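Undergrad: This is the structure I want to talk about, given as structure tokens.
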Amino acid sequence: MKKMPIEKLFSLFNETAEILQEELQCTYLEALAETGENIFQQQIVQPEISEITKKRLEKKYSEIQLPAYKSDDIRRAYQFAILKGMKDSVQANHQMTPDTIGYFISYLIGKFTNDQKDISILDPAVGTGNLLFAILNKKEQGRRMEAYGVDVDDLLLRLGYIGANLQMQSVEFFNQDALKPLFIDPVDVIVCDLPVGYYPDAANAANFSLKREQGHSYAHHLFIEQSIKHTKPGGYLFFLIPNDLFESEEAPKLHEYLKETAYIQAVLQLPPSMFASGQAAKSILVLQKKKTGLKPPGEVLLAAIPKLSNKEAMDRMLMKMENWFEENKKG
Ligand code: SAM
């Protein structure tokens with residue numbers, strides 16, 4: 001049977017990563033970054049590998065013409081290879097954001113920012129970039145997105161910047177703790193699959209209103225505060241949040257902070273079947289940073305997103321959302 005293009009591209013990533021993994025005695029994800037670099041540079045950039053391995057790799061690379069692929073097909077093939085490498089080695093909190101979520105957030109960005117032609121967008125926990133790329137690859141034709149990504153994990157960020165090169169997406173990356181000062185001007189849109197857990201740097205946490213008085217602060221709360229600070233007045237923020245975000249003992253403080261700085265626009269619960277367990281299930285929280293003269297929506301859009309396979313329920317939900325936009329986001 002003839003291979004589908006994405007499978008063929010995945011096989012290229014996968015087989016060449018395995019060859020490099022063995023030759024360089026590194027992890028699969030490190031080898032995937034190396035092969036991604038070779039494919040983008042159209043040359044083998046590891047001087048230490050043997051001539052035989054070099055020949056094997058060159059033969060495989062010559063079988064694929066990257067420009068023949070759509071950016072989002074490249075993202076998907078690369079995503080499958082990253083998923084394979086993450087299976088054993090990456091902690092749950094650093095997992096890649098699934099593309100169905102990326103596509104849904106992309107739809108929401110389109111709806112919330114449809115009065116702006118060009119926008120700047122920042123993902124302060126960009127990881128492999130899968131979420132950001134799903135958005136960039138699906139943006140409306142003719143719309144420009146000036147994109148920034150920050151992550152503290154150098155391997156994930158490297159996979160991210162190689163992914164951006166392969167997909168011909170221009171993204172400025174910063175390898176740093178996103179809760180430290182950022183050298184990025186405030187943006188129109190923030191997207192973030194929040195890293196959930198404790199933030200270990202107590203000295204830096206002390207700079208945030210959402211620090212905990214006792215013990216380590218919640219990284220996800222500090223990320224929300226940092227993101228709001230880095231958004232233009234009137235700009236939008238799209239967070240993937242744990243479903244119990246507003247139930248912890250720190251939640252009242254978070255509520256208070258949000259009341260002062262932003263308007264909650266929407267809370268959309270994702271289908272629990274998308275996640276490994278009910279406890280790991282997430283929602284999308286949409287905020288708008290306050291601006292003089294700006295009014296909150298008449299009502300917050302609250303909805304449970306059905307399983308994508310349930311077309312009827314999905315159509316009903318999209319209709320409900322369209323009505324909400326009609327009534328709350330005129331002009
Ligand atoms: N959206 C990403 C993707 O599609 O690959 C996945 C994001 S993952 C759920 C959370 C990310 O937060 C991880 O990549 C992790 O390295 C990053 N992270 C955790 N703490 C951080 C910090 N203090 N500063 C910057 N990044 C951080």
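The values are calculated or read from the model by the stated rules, or taken from the named source; none is laboratory data. Predicted model, so just to flag it, every value in this text is computed and none were measured. Please note: Cβ atoms are built from the backbone with ideal geometry, for glycine as well, and neighbour counts cover all protein chains shown. Surface accessibility is based on the protein's heavy atoms, side chains included, excluding ligands, DNA and RNA. Shrake-Rupley method; radii C 1.70, N 1.55, O 1.52, S 1.80 Å.
Undergrad: Sort Tyr236, Tyr198 by accessible area with a 1.4 Å probe, largest first.
TA: Values: Tyr236 20, Tyr198 140 Å².
Solvent-accessible surface, decreasing: Tyr198, Tyr236.
Undergrad: Could you please put Val152, Val196 in sequence from largest to smallest accessible area, using a 1.4 Å probe? Mind dumping the intermediate values first?
TA: Numbers: Val152 100, Val196 50 Å².
Solvent-accessible surface, decreasing: Val152, Val196.
Undergrad: Over the range 175-261, what portion of Cα pair distances is larger than 18 Å, expressed as a whole percent? Kindly include the intermediate steps, with their values, before the conclusion.
TA: Values: 1571 of 3741 pairs.
Roughly 42 percent, once rounded to a whole number.
Undergrad: What is the projected area of the convex hull of the Cα atoms of the chain, averaged over all directions, in nm²?
TA: Details: hull surface 76.1 nm².
With every direction weighted equally, the projected area is 19.0 nm².
Undergrad: Moving to a separate point now. Counting only DSSP beta bridges with both residues in the chain, tell me the antiparallel percent, nearest 5. All intermediate terms of the calculation are to be shown ahead of the outcome.
TA: Working: 16 of 38 bridges.
So the antiparallel bridges in the chain amount to around 40 percent.
Undergrad: Nearest 0.05, what FRET efficiency do Asp185 and Lys59 give at R0 = 30 Å with Cβ-Cβ as r? Provide the component values of the computation, followed by the final result.
TA: On the way: r = 46 Å, r/R0 = 1.54.
The pair Asp185/Lys59 has a calculated efficiency of 0.05.
Undergrad: Test of understanding: extend the Cα→C-beta vector of Asp244 to 7 Å, then name every residue of the range 179-214 with backbone N under 15 Å from that spot.
TA: The answer is 196-198.
Undergrad: Keeping all protein chains in place, calculate the accessible area per residue for the chain (probe 1.4 angstrom), answer in Å². Before the final figure, lay out the partial values.
TA: Working: 16650 Å² over 331 residues.
Here the residues of the chain average 50 Å² of exposed surface.
Undergrad: Would you calculate the separation in nanometres between label points at Met168 and Asn310, each defined as 7 Å from the Cα along the Cα-to-beta-carbon direction?
TA: It works out to 4.0 nm between the two label points.
Undergrad: Dimensions of the range 76-233 along principal axes (Cα, Å, largest first)?
TA: Cα spread of the range 76-233 along its principal axes, largest to smallest: 48, 42, 24 Å.
Undergrad: Another one. Enter the angle in degrees (range 0 to 90, nearest 10) between the Cα long axis of helix 219-229 and the first principal axis of the Cα atoms of the chain, meaning the one along which they spread out most.
TA: 70 degrees
Undergrad: Given a cut-off of under 8 Å on Cα pairs at least six residues apart, what relative contact order in percent is computed for the chain? Numbers along the way, then the final one.
TA: Details: 501 pairs, mean separation 39.2, N = 331.
Taking the mean separation of contacting Cα pairs over the length of the chain, I get 12 percent.
Undergrad: Quick one: net charge around Ala206, please, counting Lys, Arg +1 and Asp, Glu -1 for every other residue with C-beta under 12 Å from its C-beta.
TA: Taking every other residue near Ala206 into account, the sum is 0.
Undergrad: Give the long-range amide H neighbours of Val191: residues separated by 5 or more places, or on another chain, with amide H under 5 Å away, using H modelled in the peptide plane at 1.01 Å from N.
TA: Those qualifying (amide H under 5 Å, at least 5 residues apart or on another chain) are Leu122, Asp123, Phe238.
Undergrad: I need the calculated FRET efficiency for the pair Leu318 and Tyr103, taking r as the beta carbon distance and R₀ as 22 Å, to the nearest 0.05. If you can, show how the numbers build up before the last one.
TA: On the way: r = 13 Å, r/R0 = 0.58.
The calculated FRET efficiency here is 0.95.
Undergrad: Something else now. Could you work out the local net charge near Ile162, counting Lys and Arg as +1, Asp and Glu as -1, over the other residues with Cβ closer than 11 Å to its Cβ?
TA: Values: positive: Arg158; negative: Glu34, Glu37.
Within the 11 Å Cβ shell, the charges total -1.
Undergrad: Could you give the length gained by full extension between Lys229 and Gln279, i.e. 0.36 nm per residue of separation minus their alpha carbon distance, to one decimal place? Present the calculation step by step, with values, prior to reporting the outcome.
TA: Working: separation 50, 0.36 × 50 = 18.00 nm, distance 2.94 nm.
In short, 15.1 nm is gained.
Undergrad: Using the 2.2 N^0.38 Å rule of thumb for compact globular proteins, work out how the range 45-165 stacks up: its C-alpha Rg over that value, please. Before the final figure, lay out each step's value.
TA: Working: Rg = 16.7 Å, N = 121, 2.2 N^0.38 = 13.6 Å.
Rounded to two decimals, the normalised Rg is 1.23.
Undergrad: Gain in length, Ser209 to Glu327, computed as 0.36 nm per residue apart minus the alpha-carbon separation, to one decimal in nm?
TA: Numbers: separation 118, 0.36 × 118 = 42.48 nm, distance 3.40 nm.
Value of the extension gain: 39.1 nm.
Undergrad: Could you calculate the FRET efficiency of Glu140 with Gln269 from 1/(1 + (r/R0)^6), where r is the beta carbon distance between them and R0 is 41 Å, rounded to 0.05? Before the final figure, lay out each step's value.
TA: Details: r = 26 Å, r/R0 = 0.65.
Taking R0 as 41 Å, the efficiency between Glu140 and Gln269 is 0.95.
Undergrad: Then there is this: Cβ under 14 Å from Asp315's Cβ, Asp315 left aside: what net charge do those residues give with Lys, Arg +1 and Asp, Glu -1? Walk me through the numbers on the way to the answer.
TA: Details: positive: Lys307, Lys311, Arg316, Lys320; negative: Glu312, Glu322.
The answer is +2.
Undergrad: Something else: What is the dipole size for the chain, taken about its Cα centre, with +1 at each Lys and Arg Cβ and -1 at each Asp and Glu Cβ, in debye to the nearest 20?
TA: Numbers: 38 positive and 44 negative charges, 216 e Å.
Value, rounded to 20: 1040 debye.
Undergrad: Relative to the longest principal axis of the C-alpha atoms of the chain, give the angle of the C-alpha long axis of helix 5-24, reported between 0 and 90° and rounded to the nearest 10°.
TA: It is inclined by approximately 70 degrees.
Undergrad: Moving to a separate point now. Can you work out D for the range 42-106 in µm² s⁻¹ from Stokes-Einstein, where Rh is the Kirkwood radius over C-alpha pairs, the temperature is 20 °C and the viscosity is 1.002 mPa s? Intermediate results must be reported in sequence, preceding the final value.
TA: On the way: Rh = 14.7 Å.
Reported coefficient: 146 µm²/s.
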